[in-house]
C-alpha cells in the first residue's frame, strides 16, 4: 500500500482523497480515527480497512517544519515553548 504512512507535516494530507478497496473514498476527516501513543490511524468508515497512518511528530520534526515555515508547526512550537519554555540557545 503505497502512501499508507505519511509524515505528519506532509502538505495537504488531511484533504487528500483516498480510495478504499470497498469503493468508499474520502479524506481523513471522513474516516474513523484511532489516536494512539505514537501514531494516529485512519480507517474506512464503511469496511474499517486501515487507510492511513500518521506518526506524531517529534520535537525535532516540529522545529524543522517550523523553521521551513509550516504554519501548523509554527503554532505547535509556540504552544510547546509556552508550556515548557524555549530551549537554552547557549548550551
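Would you pick out the residues in segment 1-26 that are over 25 Å from residue 68 (Cα atoms) and either touching a strand residue (DSSP E or B) at 6+ places or on another chain (Cβ under 8 Å) or at pLDDT 95 or above (or both)?
Applying the first criterion (over 25 Å from residue 68 (Cα atoms)) to segment 1-26 yields 1-2, 17-26.
17, 18, 19, 20, 21, 22, 23, 24, 25, 26 - these are the residues of segment 1-26 that are over 25 Å from residue 68 (Cα atoms) and either touching a strand residue (DSSP E or B) at 6+ places or on another chain (Cβ under 8 Å) or at pLDDT 95 or above (or both).
Per-residue answers, yes or no, for (1) closer than 18 Å to residue 6 by Cα; (2) at pLDDT 95 or above; (3) surrounded by 12 or more Cβ atoms within 10 Å (Cβ to Cβ):
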residue: 35; (1), (2), (3): yes, yes, no
residue: 46; (1), (2), (3): no, yes, yes
residue: 65; (1), (2), (3): yes, yes, yes
residue: 73; (1), (2), (3): yes, yes, yes
residue: 82; (1), (2), (3): no, no, no
residue: 87; (1), (2), (3): no, no, no
residue: 91; (1), (2), (3): no, no, no
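The values are calculated or read from the model by the stated rules, or taken from the named source; none is laboratory data. Quick caveat, the model's predicted, so the values are computed rather than measured. Neighbour counts are summed over all protein chains in view; Cβ atoms, including those assigned to glycine, are modelled from backbone coordinates with ideal geometry.
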